[in-house]
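Single-structure report; data block below.
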Amino acid sequence: CAQMYEESFEHPEWRRPDVMIVWGCDPLKSNSDGFWGHWVVDLMKQGTRFITVDPDLTWIAAKSEIHLPVRPGTDAALALAMIDVICKEDLYDHDFVSRWCYGFDELEARAAEYPADEVAPVVGVEAEDIRRAARMYANAEVGSVQWGVSVDMHTHGVATAHAIMCLWSI
């Protein structure tokens with residue numbers, strides 16, 4: 001997030017994400033975590049491609065390349081389905097996973113229980129859209145996820161956050 005640097009987008013260590021997933025939030029209207037909503041628009045202007053995971057058709061969702069209007073409360077299943085696609089299609093970062101990710105084999109096995117074709121009717125999103133989003137995110141050199149309190153504030157918030165962080169990590 002470039003806003004964390006005094007130089008913003010000019011900071012030498014900051015890299016613009018090629019793809020950003022905006023997951024369960026509308027940063028232009030609500031920024032409970034202190035993020036400036038306009039930085040997402042700035043990224044759009046700079047060429048970042050977007051995936052939005054949100055039941056509502058927000059402004060950002062309307063401008064995103066992929067909008068996944070998930071059924072509320074099914075976000076963890078969506079994240080696991082995306083992980084399954086990434087693992088089955090061998091799109092994950094092998095070097096990073098082997099060096100830094102403890103329990104990857106267990107994650108891969110658990111995600112295999114959430115194939116896109118079976119998850120699609122549960123989450124209310126087409127299986128091919130799940131696969132497209134997973135591929136788009138996994139193939140980005142630099143990816144980012146901006147999630148909101150809707151991820152944190154439901155009964156399965158910890159599991160959902162964990163699944164999204166695993167997606168982010170691999």
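Check Val151, Val142, Val158, Val122 and return the single one that is open to solvent by 40 Å² or more (accessible area, probe 1.4 Å) and either in contact (Cβ under 8 Å) with a residue 12 or more places away in the chain or farther than 30 Å from Leu28 by Cβ (or both).
Values: Val151 fails: open to solvent by 40 Å² or more (accessible area, probe 1.4 Å); Val142 fails: open to solvent by 40 Å² or more (accessible area, probe 1.4 Å); Val158 fails: either in contact (Cβ under 8 Å) with a residue 12 or more places away in the chain or farther than 30 Å from Leu28 by Cβ (or both).
Within the list Val151, Val142, Val158, Val122, the selection yields Val122.
Find all pairs meeting these conditions: Cβ atoms under 9 angstrom apart; at least six residues apart or on different chains; first residue within segment 36-64 and open to solvent by 80 Å² or more (accessible area, probe 1.4 Å); second residue among the acidic types (Asp, Glu) and assigned to a loop (DSSP other than H, G, I, E, B).
Arg49/Asp18; Arg49/Glu65; Asp56/Asp26; Trp59/Asp26
Please tell me if Glu113 is out of contact with any Lys or Arg (no Cβ under 9 Å at 6 or more places or on another chain), farther than 20 Å from Ile66 by Cα and in a helix (DSSP H, G or I). Steps first, answer last, please.
Details: out of contact with any Lys or Arg (no Cβ under 9 Å at 6 or more places or on another chain): yes; farther than 20 Å from Ile66 by Cα: yes; in a helix (DSSP H, G or I): no.
So Glu113 fails the test.
Under 6 Å between Cβ atoms, which residue pairs at least 6 apart in sequence (or on different chains) link something in segment 7-28 that is without any contact (Cβ under 8 Å) to a residue 40 or more places away in the chain with a partner that is open to solvent by less than 50 Å² (accessible area, probe 1.4 Å)?
Short answer, once both residue conditions are applied: Ser8/Ala2; Phe9/Ala2; Trp14/Ala2; Leu28/Gly37.
The values are calculated or read from the model by the stated rules, or taken from the named source; none is laboratory data. From a predicted model like this one, the values you see are computed outputs, not experimental measurements. With ideal geometry, Cβ positions are generated from the backbone for all residues, glycine too; neighbour counts draw on all protein chains shown. The protein model used for the area step is the full one, side chains on, heavy atoms only, and it has no ligands, DNA or RNA in it. Shrake-Rupley method; radii C 1.70, N 1.55, O 1.52, S 1.80 Å.
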